[in-house]
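Asker: The structure follows.
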Amino acid sequence: MSLTPAQILDLAPDAPSRKAGQEQARSGRWSGLARAGDVVWGEIKGSGASPYRTVADLSGPASKCTCPSRKFPCKHGLGLMLAHAAGPEAFPKAAPPDWVGAWTTGRAARAAAPAADAPARPVDEAAQARRRRAREDKVASGLAELDLWLRDLMRRGTASLRGEPYAFFDRMAGRLVDAQAPGLARRVRALPGLLAAAPREGAASGNEAVALAVGRLGLILRAAHRLDALDPGRQAAVRAAIGFPVSAEEIARRPDETDTWTVLAHEIEEEDKLVARSVWLAGRTGGRLAQVLDYGTPGSPLPPAPVPGQAFSGALAFHPAAPELRAVLREGRSVAVQPASLPEAGSITDALDTWAGALAVTPWIDLWPMRLSGVSFGLLSASEPGVPRFGVGDAGGCLALRDDPRIRSFVAVAAGRPIDLFGLYDGYGLRPLGLVAQGRLYVAPAQDPRPLLRRAA
């Protein structure tokens with residue numbers, strides 16, 4: 001398997017690692033470069049007396065280095081993979097040395113090993129029930145405070161929020177954190193940013209966006225107050241919106257959804273001092289969409305994940321919510337499958353119908369993934385002079401695109417031809433994350449806006 005430089009750079013934990021990895025990629029810095037199948041290795045001089053030994057499995061992708069860095073992958077792991085992408089001929093076939101064999105054997109053993117054989121502790125069901133009741137009581141108290149806060153806000157009118165300092169929102173959000181309702185706290189903390197956003201053509205103004213966000217908070221509260229009357233899927237969706245975690249035991253009981261999952265895009269955002277990475281996948285056989293979401297702290301490693309342009313052949317387990325979208329990776333492996341088209345992509349009308357169906361089930365959705373087939377880019381007639389605004393259209397309809405510096409790159413790649421497009425829709429416009437043109441997948445970079453667009457494979 002071979003990875004493109006763009007795919008490798010998307011594995012970097014932060015921007016400094018990407019830059020340092022590119023500096024380490026020059027093959028002249030390395031000695032003992034070789035490969036065996038998808039495993040490559042080499043040695044590179046570092047600050048210590050002995051060179052660092054670095055090995056990478058391109059099918060994972062995964063890497064290991066003897067340097068003291070706490071980042072994963074480290075700059076040497078990135079550099080080794082980048083060096084192979086730039087010049088695979090510099091990696092002759094060879095038998096793995098002992099240190100490479102020990103790493104690959106250990107990875108295989110850990111993947112095949114069952115859970116640790118430590119004696120199982122007896123489950124104290126009474127203590128579990130007490131903790132569950134205590135959390136439910138805390139959350140109920142937080143919901144009651146949020147209800148009063150929202151009622152007071154609505155009596156005053158959302159326009160009055162423009163005169164409030166950030167502390168006004170932060171106090172309420174902090175109370176929700178104390179009440180163990182982090183999902184609601186995140187929505188409250190987002191309100192000042194919505195007020196400060198500059199108005200954009202075709203998008204919500206600050207006041208409108210805040211009114212919409214407040215309405216969604218009210219819908220979550222209303223659903224929480226009548227939770228027992230909802231079906232299990234909608235109950236799970238309400239609890240997820242509040243911030244209740246899904247336990248590992250509950251995920252383990254979920255059925256497997258087996259397919260070959262095309263990796264459509266990665267997206268990395270920072271929220272509440274955490275780094276959140278979304279890996280968007282689509283089943284090639286069943287066409288099902290999935291979002292694998294991982295969290296970490298800035299600069300810390302995130303779990304390995306297949307990169308855009310690859311595919312994950314194996315099983316996912318979906319969280320119990322309606323509609324089911326978030327999932328976790330089960331057993332499987334990455335394979336080199338380049339999508340010629342987006343699985344189960346459809347018309348703009350079909351996509352909007354799916355969006356409406358999702359809102360009918362969970363009306364507080366902020367963003368929804370869309371797959372469009374055979375659409376073309378164009379300028380909207382309502383664009384201001386000198387400020388072009390793009391959209392996509394097909395025979396049945398048109399969809400505005402959200403303002404994004406990468407749109408021009410998508411338009412250039414399409415070159416006037418119909419393409420398949422994947423992106424996130426917020427009710428006002430679509431933010432493109434990837435497109436398939438002439439049998440190749442192009443994706444927006446997960447973190448660094450430069451370059452504006454990358455060919456996934």
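The values are calculated or read from the model by the stated rules, or taken from the named source; none is laboratory data. It should be emphasised that the depicted structure is a prediction, and the values quoted were computed from it without experimental measurement. For neighbour counting, all protein chains shown are included, and Cβ atoms are generated from backbone atoms with ideal geometry for every residue, glycine included. Only protein heavy atoms, including side chains, enter the accessible area calculation; ligands, DNA and RNA are left aside. Shrake-Rupley method; radii C 1.70, N 1.55, O 1.52, S 1.80 Å.
Asker: Which condition number does MET370 fail, the rest of (1) open to solvent by 30 Å² or more (accessible area, probe 1.4 Å); (2) modelled with pLDDT of 95 or more being met?
Answerer: Looking at each condition in turn, MET370 falls short on (1).
Asker: Among the residues of the range 4-20, which ones are under 22 Å from GLU270 (Cα atoms), part of a helix (DSSP H, G or I) and touching a residue at least 60 places away in the same chain (Cβ under 8 Å)?
Answerer: ALA6, GLN7, ILE8, LEU9, ALA15, SER17, ARG18 - these are the residues of the range 4-20 that are under 22 Å from GLU270 (Cα atoms), part of a helix (DSSP H, G or I) and touching a residue at least 60 places away in the same chain (Cβ under 8 Å).
Asker: Whether any residue in the range 276-284 is modelled with pLDDT under 90, surrounded by fewer than 23 Cβ atoms within 10 Å (Cβ to Cβ), assigned to a strand (DSSP E or B) and not aromatic (Phe, Trp, Tyr) is what I want to check.
Answerer: Checked against the condition, which is being modelled with pLDDT under 90, surrounded by fewer than 23 Cβ atoms within 10 Å (Cβ to Cβ), assigned to a strand (DSSP E or B) and not aromatic (Phe, Trp, Tyr), the range 276-284 yields at least one hit.
Asker: Does GLY183 satisfy the criteria of being at pLDDT below 90, open to solvent by less than 60 Å² (accessible area, probe 1.4 Å), part of a helix (DSSP H, G or I) and out of contact with any Phe, Trp or Tyr (no Cβ under 6 Å at 6 or more places or on another chain)?
Answerer: So GLY183 fails the test.
Asker: Separate question: Step by step: first the residues of the range 95-120, then only those that are over 14 Å from SER31 (Cα atoms), modelled with pLDDT of 90 or more and assigned to a loop (DSSP other than H, G, I, E, B), then the one that is farthest from the chain's Cα centre (by Cα). Which residue is that?
Answerer: Result: ALA95.
Asker: Pick out the one residue from PRO245, PRO255 that is surrounded by fewer than 10 Cβ atoms within 10 Å (Cβ to Cβ) and part of a loop (DSSP other than H, G, I, E, B).
Answerer: Residue meeting the stated conditions: PRO255.
Asker: Checking the structure you have, find out if any residue of the range 75-89 is more than 21 Å from GLN7 (Cβ to Cβ) and either in a strand (DSSP E or B) or not β-branched (Val, Ile, Thr) (or both).
Answerer: No: the range 75-89 contains no residue that is more than 21 Å from GLN7 (Cβ to Cβ) and either in a strand (DSSP E or B) or not β-branched (Val, Ile, Thr) (or both).
Asker: In the range 297-314, how many are closer than 21 Å to ALA6 by Cβ and surrounded by fewer than 19 Cβ atoms within 10 Å (Cβ to Cβ)?
Answerer: 4
Asker: Continuing with the same structure: Within the range 219-242, can you find the residues that are open to solvent by 30 Å² or more (accessible area, probe 1.4 Å) and under 30 Å from ASP403 (Cα atoms)?
Answerer: LEU219, ALA240
Asker: Out of ARG440, ARG402, ARG389, report the one residue that is charged (D, E, K, R), more than 20 Å from LEU289 (Cβ to Cβ) and open to solvent by 40 Å² or more (accessible area, probe 1.4 Å).
Answerer: Going through ARG440, ARG402, ARG389 in turn, the sole match is ARG440.
Asker: Which one of these does ILE419 not meet: (1) of a type in the set (Val, Ile, Thr); (2) without any contact (Cβ under 8 Å) to a residue 60 or more places away in the chain; (3) out of contact with any Phe, Trp or Tyr (no Cβ under 9 Å at 6 or more places or on another chain)?
Answerer: (3)
Asker: Against the definition (within 30 Å of PHE390 (Cα to Cα), hydrophobic (A, V, I, L, M, F, W, C), assigned to a helix (DSSP H, G or I) and in contact (Cβ under 8 Å) with a residue 12 or more places away in the chain), how does ALA224 come out, yes or no?
Answerer: Answer is no for this residue.
Asker: Collect the residues in the range 26-63 that are part of a loop (DSSP other than H, G, I, E, B), in contact with a His (Cβ under 9 Å, 6 or more places away or on another chain) and open to solvent by less than 20 Å² (accessible area, probe 1.4 Å), keeping them in residue-number order.
Answerer: Passing the criteria: only LEU58.
Asker: Checking GLY87 against (1) modelled with pLDDT of 90 or more; (2) more than 27 Å from the chain's Cα centre (by Cα); (3) open to solvent by less than 60 Å² (accessible area, probe 1.4 Å), which single condition isn't satisfied?
Answerer: Among (1) modelled with pLDDT of 90 or more; (2) more than 27 Å from the chain's Cα centre (by Cα); (3) open to solvent by less than 60 Å² (accessible area, probe 1.4 Å), GLY87 violates only (1).
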